[in-house]
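Written below as structure tokens is the structure these notes are about.
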């Protein structure tokens, strides 16, 4: 643990911490609201982007008996699908602001050396989140192909727009959030909550846990998506232990 003498001397009382937390939460929600309104103006291009893998699959596999169309089965389905895309997209678009607010909230508990990692942590978090979402999108057609094949022969595919959008968005969020785990592990090593030696020592259990977690959090439940999430996370786990070891060693010198 870092020496207490290197901590910020301006320690805030508990009530001020709560006020600070409220302020950070309000700013994050305002950022999400503004981003969601922005997404509302580009709903159709985003919807077309999210449904492109399904249309490609239907074109490549005529035996699946689908034409890439989505159906609204109730008067509120269209509105619900639009709101979901705008809300989830708003969270993604506001992610830099949210991460900055989180960092600013925990800054008073960090030493001066640890505060220098603010920009690298935020940038790496955004990049990893984007990579995770992109990987989920890339595996979407393969996941749909696996799921449709289990329907059996002579079964026509007709997807409800709200359920399809929910599946795609939840897959992308699950992958994106999962890819943030290395950033959390490196941070925990910097603040001495865990050590690089402990991460390496427990690597077998950690990778087993990653595969179990990937199977649980993957909304589609197909093995293609599970492996596409679990394998990169296993590699990132080992890389986070290596990066943590290098940073801790550098700090000690």
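The values are calculated or read from the model by the stated rules, or taken from the named source; none is laboratory data. Quantities reported herein were computed from a predicted structural model and do not represent experimental measurements. Neighbour counts run over all protein chains shown; Cβ positions are idealised from the backbone, glycine included.
Counting residues in the stretch 109-120 that are surrounded by 16 or more Cβ atoms within 10 Å (Cβ to Cβ), assigned to a helix (DSSP H, G or I) and either at pLDDT 80 or above or touching a strand residue (DSSP E or B) at 6+ places or on another chain (Cβ under 8 Å) (or both) gives zero. Here the condition is being over 21 Å from residue 47 (Cβ atoms), within 23 Å of the chain's Cα centre (by Cα), at pLDDT 85 or above and surrounded by fewer than 17 Cβ atoms within 10 Å (Cβ to Cβ); of 185, 227, 199, 236, it holds for 227 alone.
Residue pairs whose Cβ atoms lie under 6 Å apart, sitting 6 or more positions apart in sequence or on different chains, and linking a residue in the stretch 29-42 that is touching a residue at least 12 places away in the same chain (Cβ under 8 Å) and on the phi > 0 side of the Ramachandran plot to a partner that is assigned to a helix (DSSP H, G or I) and exposed (fewer than 14 other Cβ atoms within 10 Å of the Cβ), do not occur here. Quick one: how many residues across the stretch 193-220 are farther than 19 Å from residue 244 by Cα, without any contact (Cβ under 8 Å) to a residue 60 or more places away in the chain and not in a helix (DSSP H, G or I)? Summing the residues that are farther than 19 Å from residue 244 by Cα, without any contact (Cβ under 8 Å) to a residue 60 or more places away in the chain and not in a helix (DSSP H, G or I) in the stretch 193-220 gives 2.
Looking at 91, 131, just one residue is out of contact with any strand residue (DSSP E or B) (no Cβ under 8 Å at 6 or more places or on another chain) and either more than 22 Å from residue 43 (Cβ to Cβ) or modelled with pLDDT under 85 (or both), and that residue is 131. Scanning the stretch 63-80 for residues that are touching a helix residue (DSSP H, G or I) at 6+ places or on another chain (Cβ under 7 Å), outside any strand (DSSP E or B) and surrounded by 15 or more Cβ atoms within 10 Å (Cβ to Cβ) turns up 64, 66, 68, 77, 80.
Of all residues in the stretch 1-40, exactly one satisfies the criterion of being modelled with pLDDT under 50, in a helix (DSSP H, G or I) and touching a helix residue (DSSP H, G or I) at 6+ places or on another chain (Cβ under 8 Å), namely 6.
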